[in-house]
Number of protein chains: 2
Amino acid sequence: MDGVNRTKSGGPAGANLFAVRSHNTALVLDLLRAAGGEGISRLELAERTGLTPQAVSKITARLREAGLAAEAGRRASTGGKPRTVLRLVPEAGHAVGVHLDRDELRAVLVDLDGAVVGERRGALDLGAGAEAVLGVVAGAVEGLVGEVLEAAGPGLGEVASLLGVGVALPGPLDHARGVLHRVTRFPEWDGFPLRDALAERLGVPVVVDKDTNAAALGLAVGGEGGSFAYLHLGTGLGAGLVIGGSVHRGVRTGAGEFGHQVLQLDGPACECGDRGCVEALCLAAVERGETEEAARVLGVGAGNLVALLDIDLVLLGGRTITAAPEAFVAGVANVLDARARREGALGTPTPVRLAPGGERSVAEGAAQLLLAPLFGRPNT
Amino acid sequence: MDGVNRTKSGGPAGANLFAVRSHNTALVLDLLRAAGGEGISRLELAERTGLTPQAVSKITARLREAGLAAEAGRRASTGGKPRTVLRLVPEAGHAVGVHLDRDELRAVLVDLDGAVVGERRGALDLGAGAEAVLGVVAGAVEGLVGEVLEAAGPGLGEVASLLGVGVALPGPLDHARGVLHRVTRFPEWDGFPLRDALAERLGVPVVVDKDTNAAALGLAVGGEGGSFAYLHLGTGLGAGLVIGGSVHRGVRTGAGEFGHQVLQLDGPACECGDRGCVEALCLAAVERGETEEAARVLGVGAGNLVALLDIDLVLLGGRTITAAPEAFVAGVANVLDARARREGALGTPTPVRLAPGGERSVAEGAAQLLLAPLFGRPNT
DNA sequence: TGCACTTTGGCAACAGCGTTGCGAAAGTAG
DNA sequence: CTACTTTCGCAACGCTGTTGCCAAAGTGCA
């Protein structure tokens, strides 16, 4: 029920037949994507969606006609006609994901399956100003798309299968309008309309989001459970929240400000101006070489979050984590287990795991900003 | 898109025409309810839903035939035929809301508009055991319904307009299964299937929920914004979270455990077994008579929550708050304002207000557990 | 008073969604 | 080879919101 019949006030929208078709098509596409290379049969799709087999047949027929799905062999018979297996056609759609960090740019080209089919890396100076950075980003994207999809020159709008470009970067920003607010330590970016500027330059849709949100989206699409928190501990500490399968951004895209959660009333000063923030406490412990204490502090912060939202899973990532993954996972799990024990009957401890995926995961998640809406996970 | 085509696995469900009708009908009903006594015209409904005027006409015709809506005068003409005003027929449906507290029972009978049309209060001893309490609750409900709706004897299933009974009580519980987990200080309730036991006894649907969630639902239906937190400070400290118009309960109905958020690492012991919980700090300050400090502590906890979820509004309630409302509102607002100032450009401070509604608000919210689904706000 | 115009809202025909009834296709089992 | 099972598409159908059209009910001006 999304993407149609938008009301003027942005309120809840009425549903019509077009909405039904969009909804069900996205549902089927998402199941096809989740099935991956193995594929999935029509009857299985019917069971998982609650639709009748005939409805699934009609929907998949449309998808095949559009080139988004194809038959891929058949399963073993169970005493009758064997089921025909359907799979997504990955090369029917592509998206670019760009990860802008303080000193580095990474761009990936992914197909509908989310598989990376091209990558570029380069140095970057966020302090060089908007125009310069814009040029570097546009160049990287055009180069990447031209190389892999054999697009001729500029004007990426010509490349039919290219859905758009997702850009992920640190710091607060307005996801809905695509405007940067305050890139850490670079005040000259304040208020820059990155989305519109880049979209005009490239001629394709652009979506921007916080790096932690992009990473969380990538994990959600990648199959992680319904509600989880991704905690990223690198040069700073942030979080991406996924509630019920979709990224929670809040009204002003400010959600996920995990690092400046106060954990020690009137504690040591943090660079944000407050005192006793979990980021300050945690990073100070890391600096002192006390990994165990850092993990414990992170665990207490995570415990507060888990108790408040009752989420299913905590995933840890970021450079500082990957430097001592076992210690952090164990330390955080300890705190959560203790909390669960105290709660008695309710006490199934929330599992803690290392976030899968390597250094490219933010860029891949950024690409999902364009792909995910196809599969019924709108960006709102 | 709710209430139909449930999949076996509980996964996302496909949409059919029945789902479309349910969705749109609920949307229209909700707008009629929100319009209150003033009513709303068909064309306004069409604008707000994004549906065509003709679709709204058909939907409202069905509602009028079912007795849920009626015409109520007309607006002034703007140069043509004047608009006919429609309104909800409040007496077409009723629900009972029961608030069980440690030592008191309060039951209200409300109509579709949420207006209280009957009330009962009585002493209660939660420690008297399940059977005894069940009898008191059942008696109160039957008495209340019999008195106001003139139902003859037991068997409330006969009362056509009675949608069911909502029960709100403190302590952790499983909302989905209607089972209590651990009512504070009364271990004998552990695992008691309150919902099913009461539903069988009364012969009408029963829904149970935490008291803070019921209060938050009441506020959400009562017109408070899209995403807010209701913080309740009484004998304990808890929260009800509303995200995007619906109550967030989490998978195990554990969300809203605000009180045992750790705010002071290795701080004073809390009765929960942890150290430095905001509840312990806040209540200790209250006990010392330091209202200002209690408000500041509460504000820091609220600040953590606001930053994490980027919500629109914080509402305060509960006996301790109402004892010094201005001090608490101002104290919490101070902390949130300071945080907003530090964030610079993003800095629109999250408003803090006293939760409207009096001592009956939990009971009224409990009744909304039955009414809200009619208006497209399913209980997850 | 009468006529033109605007606006509301119902009737009827329609397009398109998933559903149902049914039969062809494609296997297994004996 | 026959009987049976299972998959899956065609055709008819019911129901949704949509569109085209017109009656109803006002205002405004001559």
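The values are calculated or read from the model by the stated rules, or taken from the named source; none is laboratory data. Quick caveat, the model's predicted, so the values are computed rather than measured. Here Cβ is always computed from backbone atoms with ideal geometry, including for glycine, and neighbour counts include all displayed protein chains. Just the protein is used for accessible areas: all its heavy atoms, side chains included, with ligands, DNA and RNA removed. Shrake-Rupley method; radii C 1.70, N 1.55, O 1.52, S 1.80 Å.
Any idea which of A:ARG360, A:ARG296 is among the charged types (D, E, K, R) and away from chain B (no Cβ under 14 Å)? If you could, list the steps in order and put the result at the bottom.
Values: A:ARG296 fails: away from chain B (no Cβ under 14 Å).
Being among the charged types (D, E, K, R) and away from chain B (no Cβ under 14 Å) holds for just one of A:ARG360, A:ARG296, which is A:ARG360.
Looking at segment B:6-46 only, could you name the residues that are part of a helix (DSSP H, G or I) and near DNA strand C (Cβ under 10 Å from one of its atoms)? Break it down into steps so the answer makes sense when it comes.
Taking segment B:6-46 first, the residues part of a helix (DSSP H, G or I) are B:17-38, B:42-46.
Result: B:LEU17, B:PHE18, B:ALA19, B:VAL20, B:ARG42, B:LEU43, B:GLU44, B:LEU45, B:ALA46.
Please go through (1) away from chain B (no Cβ under 14 Å); (2) in a helix (DSSP H, G or I); (3) within 16 Å of DNA strand C (Cβ to nearest atom) for A:GLY127 and return the number of the only condition it doesn't satisfy.
(3)
If the Cβ limit is 7 Å and pairs must be 6+ apart or interchain, which residue in segment A:54-70 that is more than 14 Å from every other protein chain (Cβ to nearest Cβ) and in contact (Cβ under 8 Å) with a residue 40 or more places away in the chain pairs with which residue that is of a type in the set (Asp, Glu) and within 9 Å of DNA strand D (Cβ to nearest atom)?
That search, which allows pairs on different chains as well, returns nothing.
Please verify whether segment B:72-81 includes one or more residues that are within 24 Å of A:ALA13 (Cα to Cα) and not assigned by TED's automatic domain parsing to the domain that holds B:PHE192.
Kept after step one, since they are within 24 Å of A:ALA13 (Cα to Cα), are these residues of segment B:72-81: none.
No, the conditions are met nowhere in segment B:72-81.
Considering only segment B:30-53, how many residues are under 28 Å from the mean Cα position of the chain (by Cα), open to solvent by 50 Å² or more (accessible area, probe 1.4 Å) and either near DNA strand D (Cβ under 9 Å from one of its atoms) or aliphatic (A, V, I, L, M) (or both)?
1
State the number of residues belonging to segment B:59-75 that are within 14 Å of DNA strand D (Cβ to nearest atom), under 24 Å from B:PRO373 (Cα atoms) and open to solvent by 20 Å² or more (accessible area, probe 1.4 Å). Walk me through how you get there before you give the answer.
Taking segment B:59-75 first, the residues within 14 Å of DNA strand D (Cβ to nearest atom) are B:59-63, B:65-66, B:71, B:73-75.
Within this subset, residues satisfying the condition of being under 24 Å from B:PRO373 (Cα atoms) are B:59-63, B:65-66, B:71.
This time we only want the ones that are open to solvent by 20 Å² or more (accessible area, probe 1.4 Å), so: B:61-62, B:65-66, B:71.
Qualifying residue count, segment B:59-75: 5.
Need the failing condition index for A:ILE311 against (1) within 11 Å of chain B (Cβ to nearest Cβ); (2) open to solvent by less than 30 Å² (accessible area, probe 1.4 Å); (3) in a helix (DSSP H, G or I), just the number.
So A:ILE311 meets the others, but not (3).
Which of the residues belonging to segment B:76-91 are more than 6 Å from DNA strand D (Cβ to nearest atom) and open to solvent by less than 40 Å² (accessible area, probe 1.4 Å)? First the steps, then the outcome.
Looking only at segment B:76-91, we keep the residues that are more than 6 Å from DNA strand D (Cβ to nearest atom), and these are B:76, B:78, B:83-91.
If the condition is that a residue be more than 6 Å from DNA strand D (Cβ to nearest atom) and open to solvent by less than 40 Å² (accessible area, probe 1.4 Å), then B:THR84, B:VAL85, B:LEU86, B:LEU88, B:VAL89, B:PRO90 are the ones that fit.
When you look at A:VAL56, is it near DNA strand D (Cβ under 10 Å from one of its atoms), at pLDDT below 95 and β-branched (Val, Ile, Thr), yes or no?
Values: near DNA strand D (Cβ under 10 Å from one of its atoms): yes; at pLDDT below 95: no; β-branched (Val, Ile, Thr): yes.
No: the conditions fail for A:VAL56.
Name the pairs: first residue in segment B:23-36 and of a type in the set (Val, Ile, Thr), second residue in a helix (DSSP H, G or I) and open to solvent by 30 Å² or more (accessible area, probe 1.4 Å), Cβ to Cβ under 8 Å, at least 6 apart or on different chains?
Listed pairs, sorted by first residue: B:THR25/B:ARG62.
Within segment B:47-63, track down each residue that is within 24 Å of B:GLY93 (Cα to Cα) and more than 9 Å from DNA strand C (Cβ to nearest atom). Spell out the reasoning first.
First, pick out the residues of segment B:47-63 that are within 24 Å of B:GLY93 (Cα to Cα): B:49, B:56-63.
Selection gives B:THR49, B:ILE59, B:ARG62, B:LEU63.
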